[in-house]
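Working notes, structure below.
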Amino acid sequence: MELGSLYLGSEDENGAPVTAAPYELVRLALPRRTYGLGHLNYVGEVLAATVKDKERIPGYRLVEQPPLLRHFRCKLEPVPH
């Protein structure tokens, strides 16, 4: 779950950012009863590869947002490099 500007930020009526979040975080929640150590190791490897190759990952812009729970139900599209 994203815990940054998508969740805590605000925009004006035209969708332009007005207030950014004080931090940009991602929360990973994994139920212990369902996933084992192998799964957690894989998630760690993917996160490490993501950080190593972060320049290849595009940014995203908000295309559509509902009035409530924007960070769960919004639509995003990649921003070209």
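The values are calculated or read from the model by the stated rules, or taken from the named source; none is laboratory data. Everything numeric in this text was worked out from a predicted model, so none of it was measured. Reconstructed Cβ throughout: ideal geometry from the backbone, glycine too, with neighbour counts over all protein chains shown. The protein model used for the area step is the full one, side chains on, heavy atoms only, and it has no ligands, DNA or RNA in it. Shrake-Rupley method; radii C 1.70, N 1.55, O 1.52, S 1.80 Å.
Within the bounds of the stretch 4-13, is there any residue that is touching an Asp or Glu at 6+ places or on another chain (Cβ under 7 Å), open to solvent by less than 100 Å² (accessible area, probe 1.4 Å) and either closer than 18 Å to His71 by Cβ or not in a loop (DSSP other than H, G, I, E, B) (or both)? So that I can check it myself, show each step before the final result.
Of the residues in the stretch 4-13, the ones touching an Asp or Glu at 6+ places or on another chain (Cβ under 7 Å) are 4-5.
Checking which are open to solvent by less than 100 Å² (accessible area, probe 1.4 Å) leaves us with 4-5.
Within this subset, residues satisfying the condition of being either closer than 18 Å to His71 by Cβ or not in a loop (DSSP other than H, G, I, E, B) (or both) are 4-5.
The answer is yes; a qualifying residue exists.
Of everything in the stretch 47-63, what is without any contact (Cβ under 8 Å) to a residue 24 or more places away in the chain, open to solvent by less than 100 Å² (accessible area, probe 1.4 Å) and closer than 19 Å to Ser5 by Cα? Give them in sequence order.
Ile57, Pro58, Gly59, Val63
Any chance the stretch 25-46 includes a residue that's of a type in the set (Val, Ile, Thr), part of a strand (DSSP E or B), in contact with a strand residue (DSSP E or B) (Cβ under 8 Å, 6 or more places away or on another chain) and open to solvent by 100 Å² or more (accessible area, probe 1.4 Å)?
There is at least one residue in the stretch 25-46 that is of a type in the set (Val, Ile, Thr), part of a strand (DSSP E or B), in contact with a strand residue (DSSP E or B) (Cβ under 8 Å, 6 or more places away or on another chain) and open to solvent by 100 Å² or more (accessible area, probe 1.4 Å).
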